[in-house]
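Visitor: Quick one: the structure is below, and I'll ask about it shortly.
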Amino acid sequence: PVAVPLLELRGLRVAYGAIEALKGIDLTVGEGEIVALLGGNGAGKTTTLRTVSGMLSPRQGEVRLRGERIDGIKSHELVDFGIGHVPEGRRVFARMSVRENLEMGAYRFKGVDSADMDRVYTLFPRLAERRSQLAGTLSGGEQQMLAIGRALMSRPELLLLDEPSMGLAPLIVEQIFVIIREINEQGTTVLLVEQNATQALGLAQRGYVLETGSVAVSGPAQDLLADPRIRAAYLGEV
Ligand code: ATP
């Protein structure tokens with residue numbers, strides 16, 4: 001009697017034309033978990049998230065949410081399935097205010113629920129202070145907060161985060177990681193793509209390391225952190 005995982009990838013193969021980016025990935029994310037997806041440049045992390053959120057269709061294999069096939073469903077429909085995606089590079093609407101960006105995140109609902117707005121402003125007081133400011137004028141860290149906040153406005157069960165630490169100062173990264181933990185503790189499951197492996201494994205319960213489109217290693221975060229070979233190969237240690 002094994003519980004059905006919230007997200008399950010089975011034998012997932014994804015290609016861009018002739019380039020095979022994912023060569024048969026198996027991965028599960030249990031309800032309530034934070035799972036880290038690690039690996040170097042071009043390993044296939046972003047491709048994995050894009051496939052889960054319906055931006056790409058697999059050539060082979062399955063994506064299941066609570067046991068149900070969702071591969072082939074388009075990304076705007078997957079929002080209604082409870083999948084929120086914070087893309088690489090944040091992609092906030094630069095010429096809209098913070099508040100308008102958050103409202104856009106709630107597009108699956110008929111109106112914007114002020115409780116959702118309040119929740120985001122409580123998690124990110126900086127956004128509350130800057131609610132009328134144009135998103136394009138925010139710092140990189142604030143834009144990352146806004147991108148996460150916008151995704152939360154759709155009340156996702158599963159939050160896909162693509163390198164939230166990218167290009168940010170260590171102190172800001174730490175703040176964002178604390179908030180990711182808080183979001184998780186409030187009941188949202190997280191699949192976290194990171195180059196910043198040590199910190200990501202500090203947050204996650206389990207991790208997967210991708211190498212040229214395949215899962216090279218996976219296991220409990222503590223085991224991955226403790227394994228000297230893994231430290232040398234994937235955590236940038238010699
Ligand atoms: P990064 O950290 O650099 O984003 P990643 O692990 O997220 O790396 P992907 O972006 O998923 O890796 O890329 C996986 C492979 O697919 C790489 O070989 C990459 O060059 C290729 N690729 C990614 N996007 C495209 C695209 N739009 N067209 C063609 N090839 C692509």
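Visitor: May I ask you to list the aspartates and glutamates whose Cα is less than 18 Å away from that of Lys23, ignoring any residue fewer than eight positions away on the same chain?
Guide: Cross-link targets: Glu8, Glu62, Asp71, Glu211.
Visitor: A further question on this structure: What's the long-distance tail for region 144-195, i.e. % of Cα pairs beyond 14 Å? Don't skip to the answer; put the middle values down first.
Guide: On the way: 658 of 1326 pairs.
The proportion of pairs with Cα distances above 14 Å equals 50 percent.
Visitor: Over region 59-107, what percent of the accessible surface lies on carbon and sulfur atoms, probe 1.4 Å?
Guide: Numbers: 1260 of 2730 Å².
Carbon-and-sulfur percentage of accessible area, whole number: 46.
Visitor: What is the local net charge at Val4, summed over the other residues whose Cβ is closer than 11 Å to its Cβ (Lys, Arg +1; Asp, Glu -1)?
Guide: -1
Visitor: Let me ask you something else. What is the local net charge at Arg50, summed over the other residues whose Cβ is closer than 11 Å to its Cβ (Lys, Arg +1; Asp, Glu -1)? Walk me through the numbers before you get to the answer.
Guide: On the way: positive: Lys45; negative: Glu88, Asp162.
Combined, the nearby Lys, Arg, Asp and Glu give -1.
Visitor: Counting only other residues whose beta carbon sits under 12 Å from that of Glu142, what net charge do I get with K and R as +1, D and E as -1? Please list the in-between numbers first.
Guide: On the way: positive: Arg90, Arg126, Arg130, Arg131; negative: Glu129.
Taking every other residue near Glu142 into account, the sum is +3.
Visitor: At a 1.4 Å probe radius, which order do Thr28, Thr122, Thr51 fall into by accessible area, largest first?
Guide: Numbers: Thr28 45, Thr122 105, Thr51 5 Å².
Highest to lowest solvent-accessible surface, that is Thr122, Thr28, Thr51.
Visitor: Per residue, how much accessible area does the chain have with a 1.4 Å probe, in Å²? Each step should come with its number before you reach the end.
Guide: Values: 11060 Å² over 238 residues.
Per-residue accessible area for the chain comes out at 46 Å².
Visitor: Here is a follow-up. Taking Cα atoms, how many degrees apart are the long axis of helix 170-185 and the longest axis of the chain, rounded to 10 and kept between 0 and 90?
Guide: Roughly 90 degrees, rounded to the nearest 10.
Visitor: Now for a separate question. Going 7 Å from the Cα of Arg231 toward and past its Cβ, which residues in region 178-208 have a backbone nitrogen under 20 Å from where you end up?
Guide: 195-208
Visitor: Take the Cα radius of gyration of region 110-177 and divide it by 2.2 N^0.38 Å, with N its residue count; two decimals is plenty.
Guide: Values: Rg = 12.1 Å, N = 68, 2.2 N^0.38 = 10.9 Å.
It is 1.11.
Visitor: With every protein chain kept in the model, how would you rank Asp162, Asp227, Asp113, Asp118 by accessible area, 1.4 Å probe, largest at the top? If you can, show how the numbers build up before the last one.
Guide: On the way: Asp162 5, Asp227 35, Asp113 65, Asp118 85 Å².
Sorted by accessible area, descending: Asp118, Asp113, Asp227, Asp162.
Visitor: Can you give the three extents of the C-alpha atoms in region 64-204 along their principal axes, from longest to shortest, in whole Å?
Guide: Taking max minus min along each principal axis of the Cα atoms, region 64-204 gives 40, 40, 24 Å.
Visitor: Rg and Dmax of the chain over Cα atoms: what are they, in angstrom?
Guide: Values for the chain (Cα only, Rg and Dmax): 17.4, 54 Å.
Visitor: Post the alpha-carbon centroid distance, region 85-105 to region 147-176, in whole angstrom.
Guide: Rounded to whole Å, the Cα centres lie 12 Å apart.
Visitor: Percentage of Cα-Cα pair distances in region 137-233 greater than 20 Å, rounded to whole percent? Please list the in-between numbers first.
Guide: Numbers: 1866 of 4656 pairs.
The share of Cα pairs beyond 20 Å in region 137-233 comes to 40 percent.
Visitor: Debye sum, Cα scatterers, region 55-123, no solvent: what log₁₀ I/I(0) at q = 0.17, 0.28 1/Å?
Guide: Rounded to two decimals, the profile gives -0.79, -1.34.
The values are calculated or read from the model by the stated rules, or taken from the named source; none is laboratory data. From a predicted model like this one, the values you see are computed outputs, not experimental measurements. Glycine gets a Cβ as well: all are built from the backbone with ideal geometry, and neighbour counts include every protein chain shown. When the accessible area is computed, the model is the full protein with side chains, heavy atoms only, and any ligands, DNA or RNA have been set aside. Shrake-Rupley method; radii C 1.70, N 1.55, O 1.52, S 1.80 Å.
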